[in-house]
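S.K.: Take this structure first; my questions come after.
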Amino acid sequence: MPTLRVMPMPSDANVHGDVFGGWIMAQVDIAGAIPAARRANGRVATIAVNSFLFKQPVFVGDLLSFYADVVKVGNTSITIAVEVYAERNRLQASTVKVTEATLTYVATGDDRKPRQIPPIESLSAGA
């Protein structure tokens, strides 16, 4: 299941219908924060964009699916890999990978300072 699905609108693109890279980056950050916050069991903040590759252009009307997975958990940080696929020409069901990125988030407390990430055992005990 995708973590996030969204369709860019004309306001997200230049006059030629090409979606701004910054808009895509913002959506990737949102998608990456979802599993990071889930794993951290609370608030997270983006601390690094480790890699970001635009593989194909994105156009107004593409249906974008963002897939985000935890790749590394540290004491206070979580690294997430995000892949983005665009469904184009929905009548012909053409899907292409358009972006891939790796981001790092830090778990923060209510004081917005780094906090320890709880072990997986304590997360499942509360469920």
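Rule-based calculations on the coordinates, nothing more; no lab input. Just so it is clear, the model here is predicted, and its values are computed rather than measured. Counting neighbours? That spans all protein chains shown, and the Cβs are built from the backbone with ideal geometry, glycine included.
S.K.: Give the average over all directions of the projected area of the C-alpha convex hull of the stretch 4-125, one decimal, in nm².
M.R.: Convex hull of Cα atoms, orientation-averaged projection: 8.7 nm².
S.K.: What is the set of long-range amide H partners of Val58 at a cut-off below 5 Å, with H atoms built 1.01 Å from backbone N?
M.R.: Here Val19 satisfy the definition.
S.K.: Now, a different point. Using the Karplus equation 6.51 cos²θ - 1.76 cosθ + 1.60 (θ = phi - 60°), what ³J(HN,Hα) coupling, rounded to whole Hz, does each residue of the stretch 97-113 give in order, writing x for Gly and Pro?
M.R.: 6, 10, 8, 9, 8, 10, 10, 10, 10, 10, 6, 10, x, 4, 7, 6, 9
S.K.: Modelling each spin label as a point 7 Å along the Cα-to-Cβ direction, I'd like the Lys72/Arg38 distance in nm, to one decimal.
M.R.: 2.2
S.K.: Whole-Hz ³J(HN,Hα) for each residue in the stretch 71-82, computed from phi via Karplus 6.51 cos²θ - 1.76 cosθ + 1.60 with θ = phi - 60°, x for glycine and proline: what do you get?
M.R.: 10, 7, 10, x, 5, 10, 10, 9, 9, 10, 9, 10
S.K.: Tell me which aspartates and glutamates have Cα within less than 20 Å of Lys55's Cα, excluding those fewer than 8 residues away on the same chain?
M.R.: The qualifying aspartates and glutamates are Asp12, Asp18, Asp29, Asp69, Glu83, Glu87, Glu100.
S.K.: Which cross-chain or sequence-distant (5 or more) residues have an amide H under 5 Å from the amide H of Arg115, H modelled 1.01 Å from N in plane?
M.R.: Ala107, Thr108, Gly109
S.K.: What FRET efficiency do you get for Glu121 and Ala45 if R0 is 41 Å and r is their Cβ-Cβ distance, rounded to the nearest 0.05?
M.R.: After rounding, the FRET efficiency stands at 0.95.
S.K.: Let me ask something additional. Roughly how many debye, to the nearest 20, is the charge dipole of the chain about its Cα centre, given +1 on each Lys and Arg Cβ, -1 on each Asp and Glu Cβ, and no other charges?
M.R.: That gives a dipole near 200 debye.
S.K.: Give me a comma-separated list of calculated 3J(HN,Hα) values for the stretch 13-30, in order, Karplus coefficients 6.51, -1.76, 1.60 applied at θ = phi - 60°, integers in Hz, x for any Gly or Pro.
M.R.: With coefficients 6.51, -1.76 and 1.60, one gets 9, 7, 5, 8, x, 7, 6, 4, x, x, 5, 5, 4, 4, 5, 4, 4, 4 Hz.
S.K.: 5 Å is the cut-off here: which amide hydrogens, built 1.01 Å from N in the peptide plane, fall below it relative to Leu4, excluding neighbours closer than 5 in sequence?
M.R.: Long-range HN contacts for Leu4: Phe66.
S.K.: Obtain the nm distance between the two label points defined at Asp110 and Val96 by a simple spin-label model: each point lies 7 Å from its Cα along the Cα-to-C-beta direction.
M.R.: 4.9
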